[in-house]
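What follows is a single structure, written as structure tokens, with notes after it.
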Amino acid sequence: MQFLKRLLDFYIQSSIHVGFAVFCLVKITEITAKLHPIPFFSACVFFATILGYNFLKYLEVLRKGNFYSIKYYSIFLVTFFSFIGLFFTFNNLKNTIQIYIVFSGLLVLLYPLLRKFGLIKLFFVSVVVTFITVCIPYANTEFFLQDYEINLIQRFLIVSSFLIPFEIIDSPFDPISLQTIPQKFGINKSKLFGMLLVISFVVLEFLKSNSSLVSFLIGLVTVILIHFSSTNRNKYYTSFWVESVPIFWLILVLVFS
């Protein structure tokens, strides 16, 4: 049992789980919008997400040299292989897609500067994820596709709602100067805000030409996760269960498509 727990911890802490989540968001866009997949792009996003997240999470550890443990060596090994995977997949992308990927990387580098501003930080993350998982997949098309704007707004809304449980759980540990949504408005109002984001996401689904019940189910799951968020929840609540929603979403899309 301890071995399985350590394995799960490593899977989460090495950012493989969040890498799969963002990978799934790309595939959801491709399938639901009936787009031609960009060769190597989704794999490139997977490796880039792991590399980017680990860079942001463990830069301070690397700077201070506090990585003398099997845990950190293993994470750095995953990061190294992700860099190799990113290098290979990136070099197989078209030049225009490469430019978009580089632009996304530059946005990620801005995150440490913006994390001091709670509200801006949350929406900045949503914008970056939306750009990577919706804008770039659509960039492979040579003509305007129906529902593009709706998909764009929906993705921004649902990703923002995914972040609300993180904001709630982290609020006791965040410096008060950050003025995150829970710190500024309280836990209950933060939950209400997150639920309003989800409701807007679901309402927009009915405006699409190919609306799906799957979006309603994902909205329902997200509302439940937001409702049961609290400062007493353990790290697995967000780092595993909330980040599993895109994976569950892709499974539903594959089953019902």
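I need to check one value: relative contact order of the chain, counting alpha carbon pairs closer than 8 Å and at least 6 residues apart, in percent.
Dividing the mean separation by the residue count of the chain yields 24 percent.
Give me the tail of P(r) for the chain as a percent: Cα-Cα pairs with distance above 30 Å.
Every Cα pair in the chain considered, those over 30 Å come to 28 percent.
Relative contact order for the range 137-257: what is it in percent, counting Cα pairs under 8 Å that are at least 6 residues apart?
Contact order relative to length: 32 percent.
Which one of S209, S82, S239 has the biggest mean-square fluctuation once the chain is modelled by GNM with Cα springs under 10 Å?
S209
May I ask you to rank L86, L122, L106 by accessible area, largest first, using a 1.4 Å probe over the protein chains only?
Accessible-area ranking of L86, L122, L106, largest first: L106, L86, L122.
Starting from the Kirkwood radius over alpha-carbon pairs of the range 81-188, derive D by Stokes-Einstein at 10 °C in a medium of 1.306 mPa s and give it in µm² s⁻¹.
For the chosen part, D equals 100 µm²/s.
Quick one: Debye curve from the C-alpha atoms of the range 118-257, no solvent, what's log10 I(q)/I(0) at q = 0.15, 0.20 Å⁻¹?
One equal scatterer on each Cα of the range 118-257 leads to -0.76, -1.25.
Would you mind finding the longest exposed-site-free stretch of the chain, with exposed trypsin sites (Lys or Arg not before Pro) meaning DSSP loop and at most 14 other Cβ atoms within 10 Å?
Looking at the chain, 117-257 is the longest stretch - no exposed trypsin sites (Lys or Arg not before Pro) with at most 14 other Cβ atoms within 10 Å.
Lysine pairs, Cα distance under 17 Å, 8 or more residues apart or cross-chain: how many in the chain?
Total qualifying Lys-Lys pairs in the chain comes to 9.
Please compute, over every Cα-Cα pair in the range 178-257, the percentage with a separation greater than 18 angstrom.
Summing the P(r) of the range 178-257 above 18 Å gives 50 percent of all pairs.
What would the Debye equation give as log₁₀ I(q)/I(0) for the range 163-203 at q = 0.14, 0.29 Å⁻¹, counting only Cα atoms as equal point scatterers?
With no solvent term, the Cα-only Debye profile gives -0.30, -0.94.
Loop only by DSSP, 12 or fewer other Cβ within 10 Å of the Cβ. Give me the chymotrypsin sites (Phe, Trp or Tyr not before Pro) in the range 161-207 that pass, ordered by residue number.
F173, F206
Taking 8 Å as the Cα distance limit and 6 or more residues as the minimum spacing, I'd like the relative contact order of the range 162-224 as a percentage.
Relative contact order of the range 162-224: 28 percent.
Shape of the range 71-121 from its Cα gyration tensor (a ≥ b ≥ c, root eigenvalues): rounded if a/c is under 1.5, otherwise prolate when a/b > b/c, or oblate?
In terms of gyration-tensor shape, oblate.
How many nm is it between the label spots at K235 and S177, if each spot is 7 Å from the Cα in line with the beta carbon?
Result: 2.5 nm between the two label points.
The values are calculated or read from the model by the stated rules, or taken from the named source; none is laboratory data. Only a predicted model underlies this, so the values are computations on that prediction, with no experimental measurement involved. Note that we place each Cβ from the backbone using ideal geometry, even for glycine, and neighbour counts take in every protein chain shown. Keep in mind that these areas ignore ligands, DNA and RNA; they rest on the heavy atoms of the full protein, side chains included. Shrake-Rupley method; radii C 1.70, N 1.55, O 1.52, S 1.80 Å.
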